[in-house]
Amino acid sequence: MKFISKSEKETFKLAQNISDKINPGDIFLIEGPLGAGKSVFIRGLARGLGIFEPMPSPTFTIVNEYKGKYPIYHFDFYRINDPVELYEIGFEDYIYSNGVSFIEWASKAGNLLPSKVIKVNINFKNNEREIKIQWKT
């Protein structure tokens, strides 16, 4: 699926609208350049799952946890230098649970990611954001 968003508000609303497709255990890999709207997209998904509290990006903490319709784990791997660092936070315990995982900068996890994931790629294009979603590859 491919969408065009012309604002942060549209990106948030799009994600909120598709959140009804989310199931326990889903893992979202969200990629895009700095400032593309990855965290906004995640906040929209989380809002659709009942999260109304502020959701700061976990850039320094690596993971933030929330309780909504399902447990939600928001990861940001921007500062990860080696996938081995993920063992220190119990990464596999999170992603192989019945929670929903949203992972920014997922490519930094190397081969620690499962094969059945939902891929989201957000890119800038002419003052718009092109959002591509590939369900369960």
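Numbers for the structure displayed
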| quantity | calculated |
| --- | --- |
| Range of Cα positions in the stretch 13-105 per principal axis (Å), largest first | 35, 29, 20 |
| Gained length - residue 81 relative to residue 9, 0.36 nm times residue gap less alpha-carbon distance | 22.7 nm |
| Relative contact order for the stretch 38-108, counting Cα pairs under 8 Å that sit 6 or more residues apart, in percent | 31 |
| Helix 38-48 axis, angle to the chain major axis (alpha carbon atoms, nearest 10°) | 90 |
| Calculated FRET efficiency for the pair residue 52/residue 89, C-beta based, R₀ 30 Å, to 0.05 | 0.75 |
| Efficiency of FRET between residue 61 and residue 112 - r from beta-carbon atoms, R0 25 angstrom, step 0.05 | 0.85 |
| Dipole axis of the chain (+1 Lys, Arg; -1 Asp, Glu on Cβ), positive-most option in 58, 3, 121 | 3 |
| Set 21/67; 13/69; 2/67; 21/119 screened for pairs whose C-alpha atoms are more than 21 Å apart | 2/67 |
| The chain, relative contact order in percent, only Cα pairs under 8 angstrom and at least six apart counted | 35 |
| Partners for residue 125 among aspartates and glutamates (Cα-Cα distance below 16 Å; same-chain residues under 8 apart left out) | 8, 10, 31 |
| Residue with peak Gaussian network fluctuation, the chain [Cα springs, cutoff 10 Å], from 42, 51, 103 | 51 |
| Rounded to 5, percent antiparallel among DSSP beta bridges of the chain | 55 |
| Mean ellipticity per residue at 222 nm, deg cm²/dmol - from DSSP H runs of n ≥ 4 across the chain, formula -39500 (n - 2.57) | -5500 deg cm²/dmol |
| Extreme residue, positive dipole direction of the chain, given options 135, 94, 33 (C-beta unit charges) | 135 |
| Average accessible surface area per residue within the stretch 19-137, 1.4 Å rolling probe, Å² | 51 |
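The values are calculated or read from the model by the stated rules, or taken from the named source; none is laboratory data. Quick caveat, the model's predicted, so the values are computed rather than measured. Cβ: placed from backbone, ideal geometry, glycine included. Neighbour counts: every protein chain shown. Just the protein is used for accessible areas: all its heavy atoms, side chains included, with ligands, DNA and RNA removed. Shrake-Rupley method; radii C 1.70, N 1.55, O 1.52, S 1.80 Å.
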